[in-house]
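The values are calculated or read from the model by the stated rules, or taken from the named source; none is laboratory data. Just so we're clear, the structure is a prediction, and the values are computed from it rather than from any experiment. Here the Cβ is made from the backbone with ideal geometry for all residues, glycine too, and neighbour counts use every protein chain on show. Note: accessible area is taken over every heavy atom of the protein model, side chains too, but ligands, DNA and RNA are not part of it. Shrake-Rupley method; radii C 1.70, N 1.55, O 1.52, S 1.80 Å.
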Amino acid sequence: MVVSEKILTFVLDMESINKNPFMEPYGTLHDTVPFNKIQFEDFEPAFLEGIKRDDEAIAKIIDNPEEPTFDNTIAWTDDSKGEHYYDLLDRVSNVFSCLMSANTNPKMEALAQKLSPILTKHENDVTLNPKLFARVKAVHDHHRELTPEEQMLLDKEYDGFVRSGALLDEAGKDKLRKLTEEASVLALKFSQNLLKENKAFILHITDKAQLDGLPETAVDAAVQAAKDRNLEGWVFTLDYPSYSPFMTYSTQRDLRKQLYMARATECTHDNDANNLDICKQIVNLRREIAQLLGYDTFADYVLKYRMASNVKNVYKLLYDLIDAYKPTAIKEVKAIEDEAKKLEGDDFTLEPWDFSYYSHKLQMEKYNLDAEMLRPYFQLDNVIKGVFGLANKLYGITFKENKDIQVYHPDVKAYEVFDKDGSYLAVFYADFYPREGKQDGAWLTEFQGQWITKKGKNVRPHVSVVTNFTKPTATKPALLTLGEVETFLHEFGHSLHGMFANTRFESLSGTNVWWDFVEMPSQFMENYAVEPEFLHTFAFHYKTGEPIPDELIKRIQKSRNFNVAYACMRQVSFGLLDMAYYTQKKPFTQDIIPFEKNAWKDAIITKQLPNTCMTVQFSHIMAGGYAAGYYSYKWAEVLDADAFSVFKKEGIFNRDTAQRFRDCILSKGGTEHPMTLYKRFRGGEPTIDALLERNGIKKK
């Protein structure tokens, strides 16, 4: 029997599909990702098959001869996850996007560029499908009585179609397709350029004298970084755990300048990683998309579904903060300048690469406290126990490391999470250290969301916290700064939002909330970092086992608001820059660097250098989800301070208060308007008073 080439190819394709781990039940504990079975070659066919299955699922909705209803049109796709093919695209996308951020390589990046327009086209094919939208609109206009969660899903689905161009004519839809596909490719290119620039630079030191002032932890890490590159001496990088100590402690002003300028000019150089023109294009594409959909600006488009609701309210928040904090911030910077002159002479001019160094000198003078003094008490293993213990004190949940759960890199740890009644709650992954192929910063991601199937099974989430903390060395375990402890608490707050999710629909569960609300649960957790009752549970000296002294905790609390107004103005400046780009009504043609300097000038109180640029490395607003939304951090800070004031009043470990926080906010996801959820917990709307009091701007 002769088998044709076409048939043979089909058989081989089906064989590869059947062997692809994404395309069959994982068969693992809690259905966790079998990273040990996944090969690079599995991704592309899984994406393409996922798109195919997605299309088949949508065809079933469209071809259903029954009248459109909430159950057979809106809830069908969400309810059917786990029972139909519809979940494959989500499954492979979640894994691929996590690896692109945390463990990428040139092959992955090339595949991402190849897939980006394909995936954007598919998304457009769904949202611009007239038959599908006709059914959604029919349900939106005529439906049975719905629960609040069902109504939220219906509104989200309908508005999602409208905001994606469903009401446009064919010419408009074609234009939207082109704009969105181009924007997605550029956002990906932006991120790849930034990663490339960040990892390309090293400061290689061979003269031991140039290490003057650096703490032992920084020197040990630099030795290891050099060994990792087969170099002699010491290597410092632009990754925060390497960069920050050097800028804070090094007495070598010329080297501080070199490191600062390398970081501050990333993606501005005349090479293939330059992001200046890419940023212009992204801003213009988003403006065009918004205007095509009937909005004046991209900010107007975004803010329709934010707590702030409009541009005016965002600017009101930012300028209220400028009014409240800027006078104090000016005094803070003046104090640092005075400290520098006192140490170096009256003719000394403070430059940006001097700020951290002399700020640290002043902090030591005022509080006799710095990050290195605290590191011995913040061994990572103990911090993990402390953070997990905090979750247990508040909510009764427990964490158990399970080494049988597969991970994507040896640095990653996986935990089973159990609820207070002992039932399985979630899987929690933690990826703490910087490495090649890993983006800078810290974030939460998930491999599986939470939802409840039609048969009543509560599918539990798999969430992952990714950070870039100080690594262990040959002589010391991983010892964190207080800032890194706060970062852990922040991202862990996001993970609790995901792990406690308890909603019917995955698209409304966990952190699927409005952007200016999503940071509230994470920033809320940061409050515990300076609470003595919390610190006493885990902060023990890594050598002696002695608990952190009460006197040292008092110094931490006294110094908590050191430069707090300056830090606020820094965040506000980023918010102003973000809004300046996305309130553009006409084509953006200005040069990025001078535009940036002017956009945030009202919040800037330190010297600006002409060739430095934040925009080209501002991933949040160029490649992330914070375009026209960076103000969200300050908006959420008002909420988190107000919420924590309730715990301060009722007890920071009060189980009843924590249960109310879980029931009213953390478990509800995006099932109701965030202010409705917040008021249910708080008993009223938040005020800015708690934030001002916490920061010492306003006295109690």
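Which residue pairs have Cβ atoms closer than 9 Å, lie 6 or more positions apart in sequence or on different chains, and pair a first residue in segment 619-632 that is in contact (Cβ under 8 Å) with a residue 12 or more places away in the chain and among the hydrophobic types (A, V, I, L, M, F, W, C) with a second residue that is buried (at least 17 other Cβ atoms within 10 Å of the Cβ) and part of a loop (DSSP other than H, G, I, E, B)?
ILE621/ALA627; ILE621/ALA628; ILE621/GLY629; ILE621/TYR630; MET622/ASN275; ALA628/THR297; ALA628/ARG306; ALA628/THR583
Please specify each residue of segment 267-312 satisfying the condition of being closer than 26 Å to TYR243 by Cα and open to solvent by less than 10 Å² (accessible area, probe 1.4 Å). Please lay out each step first, then the result.
Applying the first criterion (closer than 26 Å to TYR243 by Cα) to segment 267-312 yields 267-276, 279.
Listed by number, the residues that qualify are CYS267, ALA273, ASN275, CYS279.
Please verify whether segment 480-496 includes one or more residues that are more than 30 Å from PHE201 (Cβ to Cβ) and either among the aromatic types (Phe, Trp, Tyr) or open to solvent by 20 Å² or more (accessible area, probe 1.4 Å) (or both).
Yes - at least one qualifying residue is present in segment 480-496.
With respect to the numbered conditions (1) in contact with a Phe, Trp or Tyr (Cβ under 8 Å, 6 or more places away or on another chain); (2) more than 25 Å from SER509 (Cβ to Cβ); (3) not in a loop (DSSP other than H, G, I, E, B); (4) not basic (Lys, Arg), which one is the sole condition not fulfilled by PHE661?
(2)
Say whether the condition of being among the hydroxyl-bearing types (Ser, Thr, Tyr) and open to solvent by 50 Å² or more (accessible area, probe 1.4 Å) is met by at least one residue in segment 452-475. Before the answer, list the steps.
Restricting attention to segment 452-475, the residues satisfying the condition of being among the hydroxyl-bearing types (Ser, Thr, Tyr) are 453, 464, 467, 470, 473, 475.
Filter once more, so that each one left must be open to solvent by 50 Å² or more (accessible area, probe 1.4 Å): 475.
Yes: segment 452-475 contains one or more residues that are among the hydroxyl-bearing types (Ser, Thr, Tyr) and open to solvent by 50 Å² or more (accessible area, probe 1.4 Å).
Give just the number: which of (1) without any contact (Cβ under 8 Å) to a residue 60 or more places away in the chain; (2) surrounded by 18 or more Cβ atoms within 10 Å (Cβ to Cβ); (3) among the basic types (Lys, Arg) does ARG660 not satisfy?
Among (1) without any contact (Cβ under 8 Å) to a residue 60 or more places away in the chain; (2) surrounded by 18 or more Cβ atoms within 10 Å (Cβ to Cβ); (3) among the basic types (Lys, Arg), the lone unmet condition for ARG660 is (2).
What pairs can you find where one residue is in segment 20-39 and more than 20 Å from ALA414 (Cα to Cα), the other is assigned to a loop (DSSP other than H, G, I, E, B) and open to solvent by 60 Å² or more (accessible area, probe 1.4 Å), and their Cβ atoms are less than 9 Å apart, with a gap of 6+ or different chains?
So the pair list comes out as ASN20/GLN39.
Of these, VAL459, VAL513, which one is β-branched (Val, Ile, Thr) and in contact with a Leu (Cβ under 9 Å, 6 or more places away or on another chain)?
Details: VAL459 fails: in contact with a Leu (Cβ under 9 Å, 6 or more places away or on another chain).
Checking each option against the conditions leaves just VAL513.
Residues that are polar (S, T, N, Q), at least 1 per element: which helices (runs of 4 or more DSSP H) completely within segment 472-563 meet that? Give the derivation first.
Details: elements: 482-499, 515-518, 520-526, 532-535, 550-558.
So the answer is 482-499, 520-526, 550-558.
Would you be able to say whether some residue in segment 167-188 is of a type in the set (A, V, I, L, M) and either in a loop (DSSP other than H, G, I, E, B) or in contact with a strand residue (DSSP E or B) (Cβ under 7 Å, 6 or more places away or on another chain) (or both)?
Going residue by residue through segment 167-188, those that are of a type in the set (A, V, I, L, M) are 167-168, 171, 176, 179, 183, 185-188.
From what is left, the residues that are either in a loop (DSSP other than H, G, I, E, B) or in contact with a strand residue (DSSP E or B) (Cβ under 7 Å, 6 or more places away or on another chain) (or both) are 167-168.
Within segment 167-188, one or more residues are of a type in the set (A, V, I, L, M) and either in a loop (DSSP other than H, G, I, E, B) or in contact with a strand residue (DSSP E or B) (Cβ under 7 Å, 6 or more places away or on another chain) (or both).
May I ask you to verify whether ILE74 is out of contact with any Phe, Trp or Tyr (no Cβ under 8 Å at 6 or more places or on another chain), closer than 30 Å to ASP155 by Cβ and in a helix (DSSP H, G or I)? Steps first, answer last, please.
On the way: out of contact with any Phe, Trp or Tyr (no Cβ under 8 Å at 6 or more places or on another chain): yes; closer than 30 Å to ASP155 by Cβ: yes; in a helix (DSSP H, G or I): yes.
Spelling it out, ILE74 is indeed out of contact with any Phe, Trp or Tyr (no Cβ under 8 Å at 6 or more places or on another chain), closer than 30 Å to ASP155 by Cβ and in a helix (DSSP H, G or I).
Where residues in segment 138-151 are open to solvent by 50 Å² or more (accessible area, probe 1.4 Å) and in contact (Cβ under 8 Å) with a residue 24 or more places away in the chain, which of them is farthest from PHE70 (Cα to Cα)?
Looking at the filtered set, the residue picked out is PRO148.
Only one of LYS400, LYS413 is of a type in the set (Lys, Arg) and more than 21 Å from the chain's Cα centre (by Cα); which? Spell out the reasoning first.
Details: LYS413 fails: more than 21 Å from the chain's Cα centre (by Cα).
Only one candidate qualifies: LYS400.
TYR301: in a helix (DSSP H, G or I), aromatic (Phe, Trp, Tyr), touching a Gly at 6+ places or on another chain (Cβ under 9 Å) and at pLDDT 95 or above, yes or no?
Spelling it out, TYR301 is indeed in a helix (DSSP H, G or I), aromatic (Phe, Trp, Tyr), touching a Gly at 6+ places or on another chain (Cβ under 9 Å) and at pLDDT 95 or above.
Taking the condition of being under 17 Å from ALA209 (Cβ atoms) and of a type in the set (Phe, Trp, Tyr), how many residues in segment 234-259 meet it?
Counting residues in segment 234-259 that are under 17 Å from ALA209 (Cβ atoms) and of a type in the set (Phe, Trp, Tyr) gives 4.
Just to be sure before I move on: is ASP338 under 18 Å from PHE562 (Cα atoms), surrounded by fewer than 20 Cβ atoms within 10 Å (Cβ to Cβ), of a type in the set (Asp, Glu) and within 31 Å of the chain's Cα centre (by Cα) in the structure I sent? It would help to see each step written out before you state the result.
On the way: under 18 Å from PHE562 (Cα atoms): yes; surrounded by fewer than 20 Cβ atoms within 10 Å (Cβ to Cβ): yes; of a type in the set (Asp, Glu): yes; within 31 Å of the chain's Cα centre (by Cα): no.
Considered against the rule, which asks whether it is under 18 Å from PHE562 (Cα atoms), surrounded by fewer than 20 Cβ atoms within 10 Å (Cβ to Cβ), of a type in the set (Asp, Glu) and within 31 Å of the chain's Cα centre (by Cα), ASP338 comes out as no.
In segment 664-689, what residues are within 22 Å of TRP515 (Cβ to Cβ), outside any loop (DSSP other than H, G, I, E, B) and open to solvent by 20 Å² or more (accessible area, probe 1.4 Å)? Break it down stepwise before answering.
Here is the first cut: in segment 664-689, the residues within 22 Å of TRP515 (Cβ to Cβ) are 664-682, 685-688.
The next check asks that each one be outside any loop (DSSP other than H, G, I, E, B); those that pass are 664-666, 674-682.
Result: MET675, THR676, LYS679, ARG680, ARG682.
Looking at (1) farther than 30 Å from LYS137 by Cβ; (2) open to solvent by 80 Å² or more (accessible area, probe 1.4 Å); (3) at pLDDT below 95, which one does GLU41 not meet, given that it meets all the others?
Failed condition: (3).
Of TYR415, TYR408, which residue is in contact with a Cys (Cβ under 9 Å, 6 or more places away or on another chain) and farther than 30 Å from GLU551 by Cβ?
Details: TYR415 fails: in contact with a Cys (Cβ under 9 Å, 6 or more places away or on another chain).
Unique residue meeting the criteria: TYR408.
Checking the conditions here, which among HIS620, HIS536 is open to solvent by 20 Å² or more (accessible area, probe 1.4 Å) and more than 24 Å from LEU317 (Cα to Cα)? Even if it seems obvious, please write down each step before you answer.
Details: HIS620 fails: more than 24 Å from LEU317 (Cα to Cα).
Just one listed residue meets the conditions, HIS536.
Go through segment 198-218 and report how many residues are buried (at least 16 other Cβ atoms within 10 Å of the Cβ), in a helix (DSSP H, G or I) and not small (Gly, Ala, Ser).
5
When segment 55-101 is examined, which residues are found to be more than 21 Å from TYR26 (Cβ to Cβ), of a type in the set (Lys, Arg) and at pLDDT below 90?
none
Quick check on my filter: what residues within segment 545-586 are open to solvent by 10 Å² or more (accessible area, probe 1.4 Å) and under 18 Å from ILE621 (Cα atoms)?
ARG570, GLN571, PHE574, ALA580, THR583, GLN584, LYS585, listed by residue number.
Within segment 93-108, restricting attention to residues that are assigned to a helix (DSSP H, G or I) and over 20 Å from the mean Cα position of the chain (by Cα), which residue is nearest to GLU56 (Cα to Cα)? Working first, answer last.
Here is the first cut: in segment 93-108, the ones assigned to a helix (DSSP H, G or I) are 93-102, 106-108.
Adding the requirement that they be over 20 Å from the mean Cα position of the chain (by Cα) leaves 106-108.
On the way: PRO106: 33, LYS107: 30, MET108: 27 Å.
In this case the residue turns out to be MET108.
Looking at segment 584-619, which of its residues are more than 24 Å from the chain's Cα centre (by Cα), outside any helix (DSSP H, G or I) and of a type in the set (Phe, Trp, Tyr)?
Once the filter is applied, which keeps residues that are more than 24 Å from the chain's Cα centre (by Cα), outside any helix (DSSP H, G or I) and of a type in the set (Phe, Trp, Tyr), segment 584-619 yields only PHE588.
Within segment 227-266, restricting attention to residues that are among the aromatic types (Phe, Trp, Tyr) and modelled with pLDDT of 95 or more, which residue is surrounded by the most Cβ atoms within 10 Å (Cβ to Cβ)? Explain how you work it out, then say what you get.
First, pick out the residues of segment 227-266 that are among the aromatic types (Phe, Trp, Tyr): 234, 236, 240, 243, 246, 249, 260.
Those still in the list that are modelled with pLDDT of 95 or more too: 234, 236, 243, 246, 249, 260.
Values: TRP234: 23, PHE236: 27, TYR243: 21, PHE246: 24, TYR249: 20, TYR260: 21.
Checked segment 227-266; the qualifying residue surrounded by the most Cβ atoms within 10 Å (Cβ to Cβ) is PHE236.
Kindly indicate whether LEU259 is outside any helix (DSSP H, G or I) and over 30 Å from THR180 (Cβ atoms).
Values: outside any helix (DSSP H, G or I): no; over 30 Å from THR180 (Cβ atoms): yes.
No; evaluated as a whole, the condition is false for this residue.
Which residue is farthest from ALA138 (Cα to Cα), if the candidates are limited to segment 163-178 and must be among the aliphatic types (A, V, I, L, M) and surrounded by fewer than 18 Cβ atoms within 10 Å (Cβ to Cβ)?
Here is the first cut: in segment 163-178, the residues among the aliphatic types (A, V, I, L, M) are 166-168, 171, 176.
Among the residues that remain, those that are also surrounded by fewer than 18 Cβ atoms within 10 Å (Cβ to Cβ) are: 167-168, 171.
Values: LEU167: 14, LEU168: 17, ALA171: 24 Å.
Per the criteria, the residue is ALA171.
Report the residue count in segment 308-356 for those that are on the phi > 0 side of the Ramachandran plot and at pLDDT 95 or above.
We begin by selecting, within segment 308-356, every residue on the phi > 0 side of the Ramachandran plot; these are 309, 345.
Those still in the list that are at pLDDT 95 or above too: 345.
The number of residues fulfilling the criteria is 1.
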